[in-house]
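In what follows, a single structure is set out as structure tokens and then discussed.
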Amino acid sequence: MNYYRIFSPIYQWAARKMCFHCQNFIKKGEKILDLGCGSGIVAKAFQDFFQAKVIGVDIRDRRIFYIPFEIFDGKTLPFPEKSFDTVLINYVLHHSDDPTALLEEAKRVSKKIIIYEDLPEDLLSRIYCKIHGLTFNKFFQKNNNTSFKIGKEWEEIFQKTNLTIIFKKKINNFPTQKGLYVLGT
């Protein structure tokens with residue numbers, strides 16, 4: 001069963017909101033890498049909204065929307081240095097075995113990085129993140145390496161990887177808080 005197709009209208013609505021959040025940071029026609037693109041829903045929304053050239057990468061092909069795509073090993077991006085204007089990392093880092101290494105790769109191939117992450121900073125957000133981790137692992141990823149972090153922890157990781165926070169915003173999206181980070185490389 002393809003769960004992305006079932007929840008596609010919700011994901012499309014969320015992707016459109018993300019485009020509006022990012023409109024001050026992405027120019028029309030940019031080249032964007034959607035790292036961990038999953039279904040391709042967000043990549044397709046960014047492609048259409050920004051008239052951008054978007055390429056998706058993920059460890060498996062689970063696209064339900066056509067976008068240019070490459071499989072990658074989860075560690076090394078198959079692109080040369082600074083080949084993208086922006087890398088979009090959309091609710092992916094908490095699923096990574098090594099988010100710092102993934103950020104280093106994103107930094108290597110781009111001029112800026114835009115990150116969305118769930119932030120377990122209050123009781124409802126912690127419950128949501130726990131449920132999200134369990135269900136995502138059961139239906140999509142088939143492992144248990146989900147590691148959610150609060151905003152301060154992400155910011156420490158960004159600092160360790162020499163990424164500059166250009167913009168940050170907490171987004172209250174019941175039942176969880178989300179963080180939007182725009183980082184300079």
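Is the chain rounded, prolate or oblate when judged by the Cα gyration tensor, a ≥ b ≥ c being the square roots of its eigenvalues, rounded requiring a/c under 1.5 and prolate requiring a/b larger than b/c? Since a/c stays below 1.5, the shape of the chain is classed as rounded.
Sparse packing (at most 10 other Cβ atoms within 10 Å of the Cβ) combined with a DSSP loop state is found for the following trypsin sites (Lys or Arg not before Pro) in region 19-50: Lys28.
For region 64-172, applying the loop criterion from DSSP together with a ceiling of 14 other beta carbons within 10 Å to the trypsin sites (Lys or Arg not before Pro) yields Lys75, Lys82, Lys142. With both labels modelled 7 Å from their Cα along Cα-to-Cβ, the Ile64 to Glu153 distance reads 3.0 nm.
Applied to region 114-122, the Karplus parametrisation 6.51 cos²θ - 1.76 cosθ + 1.60 on θ = phi - 60° returns per-residue 3J(HN,Hα) values of 10, 10, 10, 9, 6, 10, x, 9, 9 Hz, with x for Gly and Pro. Under 5 Å between amide hydrogens, built in the peptide plane, is the criterion, and for Val54 it picks out Ile32 among residues at least 5 positions away or on other chains. In terms of its alpha-carbon gyration tensor, region 75-185 comes out oblate; a/c meets the 1.5 threshold, while b/c is at least as large as a/b. Computing FRET efficiency as 1/(1 + (r/R0)^6) for Phe25 and Thr146, where r is the C-beta to C-beta distance and R0 is 41 Å, gives about 0.90. Across region 103-113, computed HN-Hα scalar couplings (Karplus, 6.51 cos²θ - 1.76 cosθ + 1.60, θ = phi - 60°) run 5, 4, 5, 4, 4, 4, 9, 9, 8, 8, 10 Hz from first to last residue, x flagging Gly and Pro. Take every DSSP beta bridge whose two residues both sit in the chain, then give the antiparallel share in percent to the nearest 5. For the chain, the DSSP antiparallel bridge percentage is about 50.
Considering helices alone, the calculated mean residue ellipticity of the chain at 222 nm is -10500 deg cm²/dmol, with DSSP H runs of length four and up weighted by -39500 (n - 2.57) and normalised per residue. Toward the positive end of the charge dipole of region 3-184, with +1 on the Cβ of Lys and Arg and -1 on the Cβ of Asp and Glu, the farthest Cα among Val57, Gly179, His94 is that of Gly179. With 19 Å as the limit on Cα-Cα distance, the pairs of Lys82/Lys169; Lys111/Lys170; Lys27/Lys111 that go past it are Lys82/Lys169; Lys111/Lys170. Using Cα-Cα distances under 8 Å and only pairs 6 or more residues apart, what relative contact order does the chain have, in percent? Relative contact order of the chain: 17 percent.
Throughout, read-outs are computed from the coordinates displayed, never taken from laboratory work. Just so it is clear, the structure is predicted and the values come from calculations on it, not from any experiment. Quick reminder, even Gly has a Cβ in these numbers, built from the backbone with ideal geometry, and neighbours come from all protein chains shown.
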